[in-house]
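Contents: one structure, followed by commentary.
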Amino acid sequence: MDATYFVDSGLILFVVIAVLVLMFFSFIPVGLWISAISAGVKVNLFSLVGMRLRRVRPAAVINPLIKGTKAGIELSQNQLESHLLSGGRVNNVVDALIAAHRAKIDLGFERAAAIDLAGRDVFEAVRMSVMPKIIETPMISAMAINGTEIKALAKVTVRANITRLVGGAGEDTIIARVGEGIVTTIGSSSSHKEVLENPHRISETVLKKGLDAGTAYEILSIDIADIDVGRNIGAQLQIDQAEADKKIAQAKAEERRATALAYEQEMKAQVEEMRSKVVEAEAQVPQAIAEALKTGNLGVMDYLNLQNKIADTKMREGLADMNINLNTVTKSADE
C-alpha cells in the first residue's frame, strides 16, 4: 500500500514538472535566445520575456535582427520592436536595408522605417533604385493644328528616388504628366505628318519639362512605343458645321415658304371678296338701267349702244382667247 502511494505521488510530481517545463519553454523562447547567441547577437533572456508581456512576438523582432546583423548592418532590438509596435513591417525594412547596403545606397534605418510607415514598399523602392522600372501609359489621343487626331503610347523608364519617397507623388502622377506633355506637344504641331516624321520630338519635349519634380521617381527616358493616325477631326467638324448650316437654311426656306403661302391665301381671300363685290355690283346694273329708263335719264338708243359695246367686248375677248389657244397648239406642234 505504501509503495503504491509513493509510485502515484512520483507520477503526479513528474506530470506537474513536465507541465511546468512545457509552460516555461512556451512562454520563454529559449530556442530563439540560443539562436541569437550563436549568431553573435546579444539578447537578454529577460528582454524576450518582456516582449511576451508586451504582447510582442519575439521571433518577429529577433529573426530580422539576426539577419541584419549577419549582413553587417547595425541594428538594435529596441529599434525593431518600436517599429513593430508602430505597425511597421520589420522584416521588409531589414530586407530593404540589406539590399541598399549591398548596392551601396545611402539608406538608414530611420528613413527606411519612415518610408515603410508611410505605406510604401521600401524593399521594392530599393529594387527600383537598382533596377529601373518601365511604366506604360495608356493610348493617348491628341489633335494636331490641322485637325488630324494622333494616338500615341509611351513607355516611361523611372528609378525610385529614396529621398523623395515620403511625400512624393506616385506612378499615377507620372502617367498623368507624361500624357499631358504628349497632348501639348502634338497639339502644338502644325501637321500630323510632322509628328509622324519625328516621334522622338515628343520624347525630347516632354523630358525637358521636368515632369518628375515632386514625385517619388526620377524619369530616365520616355520612349514612344506606338503612334498612329486617328480621325480627321477638323474635316468632321466642317461636315458637322455644313450640316448645321444646311438645316438652318432649310428652316429659313420653310419659314419663307410658309409666309408666302399665307400671303397667297390672304390675296386669294381678297380677290374672292372683290369678285363677290363685282357680282353684287353687276346684279345692281340691270336695276339701275331700268330705273334710268324709267326716269328718262337713259334713252333707248343709249341702251342699245351700251349693249353693242358689251357684245363687241365679249367678241374681242373670245377672239383673244382663240388666238391664245391657236398659239399654244402651234407651239406644241412645232416642239
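The values are calculated or read from the model by the stated rules, or taken from the named source; none is laboratory data. Bear in mind the structure is a predicted one, so any value in this text is a computation, not a measurement. Using ideal geometry, Cβ is built from the backbone for each residue, glycine included, and neighbour counts are taken over all protein chains shown. Surface areas here come from the heavy atoms of the whole protein model, side chains and all, with no ligands, DNA or RNA. Shrake-Rupley method; radii C 1.70, N 1.55, O 1.52, S 1.80 Å.
Evaluating Asp302 against the criteria (1) surrounded by 10 or more Cβ atoms within 10 Å (Cβ to Cβ); (2) at pLDDT 75 or above leaves one unmet condition, (2).
Of all positions in segment 160-182, none carries a residue that is more than 30 Å from Pro64 (Cβ to Cβ), of a type in the set (Lys, Arg), in a helix (DSSP H, G or I) and free of Cβ contacts under 8 Å to residues at least 24 places away in the same chain.
Only residues that are in a helix (DSSP H, G or I), open to solvent by less than 50 Å² (accessible area, probe 1.4 Å) and either of a type in the set (A, V, I, L, M, F, W, C) or within 30 Å of Met128 (Cβ to Cβ) (or both): list them for segment 46-68, please. Walk me through how you get there before you give the answer.
The initial filter retains those residues of segment 46-68 that are in a helix (DSSP H, G or I), namely 46-53, 58-68.
Still in the running and open to solvent by less than 50 Å² (accessible area, probe 1.4 Å): 47-51, 58-62, 64-66, 68.
Selection gives Leu48, Val49, Met51, Ala59, Ala60, Val61, Ile62, Pro64, Leu65, Ile66, Gly68.
Among the listed residues Leu53, Leu80, Leu97, Leu84, identify the single one that is farther than 30 Å from Val229 by Cα, hydrophobic (A, V, I, L, M, F, W, C) and in contact with a Pro (Cβ under 8 Å, 6 or more places away or on another chain). First the steps, then the outcome.
On the way: Leu53 fails: in contact with a Pro (Cβ under 8 Å, 6 or more places away or on another chain); Leu97 fails: in contact with a Pro (Cβ under 8 Å, 6 or more places away or on another chain); Leu84 fails: in contact with a Pro (Cβ under 8 Å, 6 or more places away or on another chain).
So the residue among Leu53, Leu80, Leu97, Leu84 that is farther than 30 Å from Val229 by Cα, hydrophobic (A, V, I, L, M, F, W, C) and in contact with a Pro (Cβ under 8 Å, 6 or more places away or on another chain) is Leu80.
Summed over segment 99-156, residues that are open to solvent by 80 Å² or more (accessible area, probe 1.4 Å) and part of a helix (DSSP H, G or I) total 7. Taking segment 106-141 as the range and being free of Cβ contacts under 8 Å to residues at least 60 places away in the same chain and among the hydroxyl-bearing types (Ser, Thr, Tyr) as the test, the residues that pass are Ser129, Thr137. Looking for something of a type in the set (D, E, K, R), surrounded by 14 or more Cβ atoms within 10 Å (Cβ to Cβ) and at pLDDT 85 or above - is there at least one such residue anywhere in segment 187-210? No. For segment 157-176, which residues satisfy the criterion of being open to solvent by 70 Å² or more (accessible area, probe 1.4 Å) and modelled with pLDDT of 85 or more? Hits for segment 157-176 are Arg159, Asp172. State yes or no: is Leu237 of a type outside the set (Lys, Arg), under 30 Å from Pro199 (Cα atoms) and assigned to a helix (DSSP H, G or I)? Taking the combined requirement at face value, the residue satisfies it.
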